[in-house]
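First the structure, in the form of structure tokens, and then the observations on it.
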Amino acid sequence: MKKQTKHLLERTFRSARRDLSFDKLVSAANQYFETVNTPVSLGCYLRLKYKSYDEYLSMDLVPSDYANSDMFYQDQQCVKLFSKAEFFPSIFDTEKVAKESFIQSEIPVIRRIPSSSKEMIPIFGITY
């Protein structure tokens, strides 16, 4: 199923790649969302249609909510399609969000370090 999704995504964006205008890419993405036809893809479609770009970019999925990996994979493709696109209009500071995400992922590791060793490690100003 993942292979089929990949081919569908490639076919959908093939025409948009020639003319890389933002509107063409959004149109191609909406065609893909319609083809996937899940509640999540509908949510992605509506967010792009009504230009709720920040809502679209902040969408997140929980893998354990899915019965199988193929369904999760398709919805994840829809949600993350433009997540790294620098041209995508957003009020998010992507660099800041990336740093915050990195720091949050490191907090559990920092908490496991013995107290005597923490003085030697820069902790990014985090209270742990």
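Values in this text are rule-based calculations from the coordinates and carry no lab data. As the structure is a prediction and not an experimental result, all values here were calculated from the model. All Cβ positions, glycine included, derive from the backbone under ideal geometry; neighbour counts span all protein chains shown.
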Hits in the stretch 21-51 (condition: out of contact with any helix residue (DSSP H, G or I) (no Cβ under 8 Å at 6 or more places or on another chain), free of Cβ contacts under 8 Å to residues at least 40 places away in the same chain and either closer than 15 Å to Phe72 by Cα or not basic (Lys, Arg) (or both)): Ser21, Asp23, Asn37, Pro39, Gly43, Leu46, Tyr50
Go through the stretch 30-83 and give me each residue that's within 23 Å of Asp93 (Cβ to Cβ) and in a helix (DSSP H, G or I). Cys44, Arg47, Leu48, Tyr53, Asp54, Glu55, Tyr56, Leu57, Val79, Lys80
